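**Student:** The structure is given below, and queries will be raised subsequently.
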Amino acid sequence: SVSDCHGTQLANLTNSSFTMLLNGVDTTSATFGNEVLSAIVASPQSAPSVTTLLLDQSDSVTTNYQTFLKEAAVAFVNTVQSSNANHYVALIAFDGAATPVTILEHTNDHAAVLAAISALPSPKMTDTFSTNLYGAVYSGVRASQQMRFSFGDANASVVSTMVVFTDGHDTAGRITRE
């Protein structure tokens, strides 16, 4: 679902309501459904890929959707990382706390990523009754940028993605869209 900055759900959205850019190129017409995942997987094996997974660990998710979240995260990681040793995945968990928790720094260790997902929910979560979604996105962008820049001159060819697993919108209000 999609909601505005006040949490009101937006209705009647279609694929044409969104724009998808891949390396700055508008790929909207070819990127919905499994085609987005295919674009991530199809990145050259020699070029590093960086994916930051943001995992909502607020009470509503851990109570109602945790099994689904874990299954979806495992399926995603198995698709993008299992056959590409140059694909680095990080896990950042968030609830309503001011600072999201980095569960796992970017790594190409597929087994470590799966183990970290399996170990959810994190005992480090401190404000499970609200959701700091904007703070999580901010943290995810910073983590992705840091990993990307760690590749030095090669960072121009790094494919970077961020995937958010959540059931709602920002309710913590710690960071605004502005």
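The values are calculated or read from the model by the stated rules, or taken from the named source; none is laboratory data. Note that the structure is predicted; figures quoted are calculated from it, not measured. Cβ sites come from the backbone with ideal geometry, for glycine too, and all protein chains shown count toward neighbours. Each accessible area value is taken on the protein alone, full model and side chains, heavy atoms only, with ligands, DNA and RNA left out. Shrake-Rupley method; radii C 1.70, N 1.55, O 1.52, S 1.80 Å.
**Student:** Given the conditions (1) in contact with a helix residue (DSSP H, G or I) (Cβ under 6 Å, 6 or more places away or on another chain); (2) open to solvent by 50 Å² or more (accessible area, probe 1.4 Å), which single one is not true for residue 123?
**Tutor:** Every condition holds for residue 123 apart from (1).
**Student:** Same structure again: Give just the number: which of (1) out of contact with any helix residue (DSSP H, G or I) (no Cβ under 6 Å at 6 or more places or on another chain); (2) without any contact (Cβ under 8 Å) to a residue 60 or more places away in the chain; (3) exposed (fewer than 15 other Cβ atoms within 10 Å of the Cβ) does residue 74 not satisfy?
**Tutor:** (1)
**Student:** While we're on this one: Condition first: crowded, with 20+ Cβ neighbours inside 10 Å and more than 19 Å from residue 135 (Cα to Cα). Now tell me which residues in the range 56-71 satisfy that.
**Tutor:** The one that is crowded, with 20+ Cβ neighbours inside 10 Å and more than 19 Å from residue 135 (Cα to Cα): 69.
**Student:** Also, I was wondering about something else. Are there strands (runs of 3 or more DSSP E) fully within the range 80-178 with at least 1 residues that are under 15 Å from residue 61 (Cα atoms)? List them.
**Tutor:** Because the criterion is at least 1 residues that are under 15 Å from residue 61 (Cα atoms), the strands (runs of 3 or more DSSP E) in the range 80-178 that meet it are 87-94, 159-165.
**Student:** Scanning for something more than 24 Å from residue 47 (Cβ to Cβ), modelled with pLDDT under 90, surrounded by fewer than 18 Cβ atoms within 10 Å (Cβ to Cβ) and of a type in the set (Phe, Trp, Tyr), does the range 150-171 turn up at least one residue?
**Tutor:** There is no residue in the range 150-171 that is more than 24 Å from residue 47 (Cβ to Cβ), modelled with pLDDT under 90, surrounded by fewer than 18 Cβ atoms within 10 Å (Cβ to Cβ) and of a type in the set (Phe, Trp, Tyr).
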